[in-house]
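Asker: The structure that follows is given in the form of structure tokens.
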Amino acid sequence: MKKEFIPFENRIWLSSPTMHGQELVFVKEAYDTNWMSTMGTNINEIEKKICEYVGCKYAVALGTGTSALHMAVKLAGVKPGEKVFCSDLTFAATVNPVKYEGGEPVFIDSEYETWNMDPVALEQAFELYPDVRVVVMAHLYGTPAKMDELTSVCQKHGAVIIEDAAESLGATYKTQSGPKESGCSAATLGQETGTFGKYNAISFNGNKIITGSSGGMFLTDDREAADRVRKWSTQSRENAPWYQHEEIGYNYRMSNVVAGIIRGQLLYLDEHIARKKEVYERYREGFQDLPVSMNPYDEKCSEPNFWLSCLLIDEEAMCRQIRDEHEALYISEAGKSCPTEILEMLARYNAEGRPIWKPMHMQPIYRMNGFVTREGDGRAVINTGKSGTVMGHDGKPLDVGNDIFNRGLCLPSDVKMTEEQQDTVIEMVRSCFE
Ligand SMILES: Cc1ncc(COP(=O)(O)O)c(C=O)c1O
């Protein structure tokens, strides 16, 4: 019998906005000075502050992270029908902007060490499609991808990197502190995600590490690129006394009111990251003797922002679970569990978990696209037209993304979750394995 719990009085969220009061001061400033549009001090300040924080030269505040990615894909000059390599295990917004420009995403499988784009599969993808010029890569759940390896593969093939750091603001790769130094090249010590690509995006969506209720930013070291995004995102107005248009424009600029919220939130970014890390560590500790592991990261050479804490259930401890396109079923078993059972348990007691993002190659809209994974012997396989699992001879899923989707889940990771609440969540998860 699985244990019973008392439902949480207030919902325990996966990751909800955490406001501090200072946000209102900056919003009020916008109101009082009547800068209630897409210009004003709040926008200028957050562009400056983000540049200082992540270490990039130019930042352009936009309405969403998705619009920042769209601008990046446009700058990279993606043409209709052009193949673009994209992270597979990510949120659809990483990839959709490629389609906005008529490009054709080809998905690259993940590796197990960070759950991000696999550099070996990427290299194999270039063997299959040597003409590809653009690679869009994400840092899932705030964990930096293997940027050294990915960057060198891209450099070797002359490809431009677009970095989707929507989930990873504040995460660093190859940090300087303590033992992390060993094995990390001096060139990239402590570099923030969002600075590895030529064109990069971050998000201030309501569930992110800090939020403006919505919002995003385009980051680059390329002045000309930043200027073009500034122009495109404000309807591509030419310098003329009347509305003069020589290029297609977009209404993508951030509001100065939203920027006020972000300006206030920026003061708490480090605090949020520290709190998220505590949440992650407490889960790790609480699950030590369970047949599960936490979402992994390179502990020597990277420091995630720990945006979401996730679990991966050991293969032998998985109860039977099947999913079609909309529903999941499982058979409860003593000593075993599965993501669906844990998520149902959390939901019953008013806590929000979520399945791992369903990989892009398994999504109905993208199932006809190319997908490159690495097989046991290092061979690349392409999956076109398959709706779901690519099975190996031993009956196990061949691709890493699908395997993580099957066995993983995201746990409540809210900054405001108390230790007592988290302990109850831990107890709930533990009880699923009884
Ligand atoms: C990986 C990833 N990329 C892009 C986005 C898009 O950001 P936004 O919601 O600000 O458009 C999100 C989140 O929403 C995301 O998680």
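Only the coordinates and a few stated rules stand behind these numbers; no lab work does. Small disclaimer: the values here were computed from a predicted structure and weren't measured. Cβ: placed from backbone, ideal geometry, glycine included. Neighbour counts: every protein chain shown.
Asker: Take Leu346, Leu122, Leu140, Leu14 and order them by how many other Cβ atoms sit within 10 Å, fewest up front.
Answerer: Leu14, Leu346, Leu122, Leu140
Asker: Another question about this same structure. Assuming 0.36 nm per residue, please report the length gained on full extension of the stretch Ser293 to Glu333 beyond their Cα-Cα distance.
Answerer: 12.5 nm
Asker: Excluding residues fewer than 8 places away in the same chain, name every one of the aspartates and glutamates whose C-alpha is closer than 12 Å to that of Lys336.
Answerer: Within the straight-line limit of under 12 Å, Lys336 reaches these aspartates and glutamates: Asp314, Glu315, Glu316, Glu434.
Asker: Select from His70, Leu346, Gln124 the residue farthest towards the positive end of the dipole of the chain; place +1 on Cβ of Lys and Arg, -1 on Cβ of Asp and Glu, and compute about the Cα centre.
Answerer: About the Cα centre, the residue reaching furthest to the positive side is His70.
Asker: Can you tell me which aspartates and glutamates have their Cα less than 15 Å from the Cα of Lys156? Leave out same-chain residues fewer than eight positions away.
Answerer: Reachable aspartates and glutamates: Glu123, Glu127, Asp131, Asp148.
Asker: Now, a different point. Would you work out which of Ala61, Met147, Gly260 lies farthest towards the positive end of the dipole of segment 22-266, given +1 charges on the beta-carbon of Lys and Arg and -1 on that of Asp and Glu, about the Cα centre?
Answerer: Going by the charge dipole, the pick is Gly260.
Asker: Going by how many other Cβ atoms sit within 10 Å of their own, how do Lys79, Lys198 line up, fewest first?
Answerer: Ascending Cβ contact count within 10 Å gives the list Lys79, Lys198.
Asker: Starting from the Cα of Arg284, step 7 Å along the direction of its Cβ; do the same at Met19; then give the gap between the two resulting points in nm.
Answerer: Label-label distance for Arg284 and Met19, simple model: 3.3 nm.
Asker: Counting pairs of alpha carbon atoms under 8 Å apart in space and at least six apart in sequence, what relative contact order in percent does segment 22-266 give?
Answerer: 28 percent
Asker: Would you mind giving the average projected area, over all directions, of the Cα convex hull of segment 1-117 in nm² with one decimal?
Answerer: Its Cα hull, projected and averaged over all orientations, spans 13.2 nm².
Asker: For segment 212-274, report the % of Cα-Cα distances exceeding 19 Å.
Answerer: 49 percent
Asker: Relative to the present Cα-Cα distance, how much length would full extension add between Thr41 and Lys57 at 0.36 nm per residue of separation?
Answerer: 3.9 nm is the gain from fully extending Thr41 to Lys57.
Asker: Same structure again: Using alpha-carbon pairs under 8 Å, 6+ residues apart, how would you state the relative contact order of segment 80-147 in percent?
Answerer: 38 percent
Asker: Also, I was wondering about something else. Which ordering of Thr418, Thr143 is given by a fewest-first count of other beta-carbon atoms within 10 Å?
Answerer: Ranked by crowding around the Cβ, least crowded first: Thr418, Thr143.
Asker: While we're on this one: Taking only Cα atoms of segment 189-308, what ratio of Rg to Rh do you get with Rh as the Kirkwood inverse-distance radius?
Answerer: Over the Cα atoms of segment 189-308, Rg/Rh equals 1.11.
Asker: Suppose every K and R has +1 on its Cβ and every D and E has -1 on its Cβ; what is the size of the dipole of segment 22-266 about the Cα centre, in Debye to the nearest 20?
Answerer: The calculation lands at about 640 debye.
Asker: Would you mind calculating the gained length between Tyr100 and Thr418 on full extension (0.36 nm times residue separation, minus the Cα-Cα distance), in nm to one decimal?
Answerer: Contour length minus the Cα-Cα distance gives 110.3 nm.
Asker: Can I ask one more? List, in the order given, every pair from Lys79/Lys300; Lys99/Lys416; Lys79/Lys276; Lys28/Lys146; Lys99/Lys300; Lys57/Lys174 whose Cα-Cα distance in the structure shown is over 32 Å.
Answerer: Table pairs above 32 Å Cα-Cα are Lys79/Lys300; Lys99/Lys416; Lys79/Lys276; Lys28/Lys146; Lys99/Lys300.
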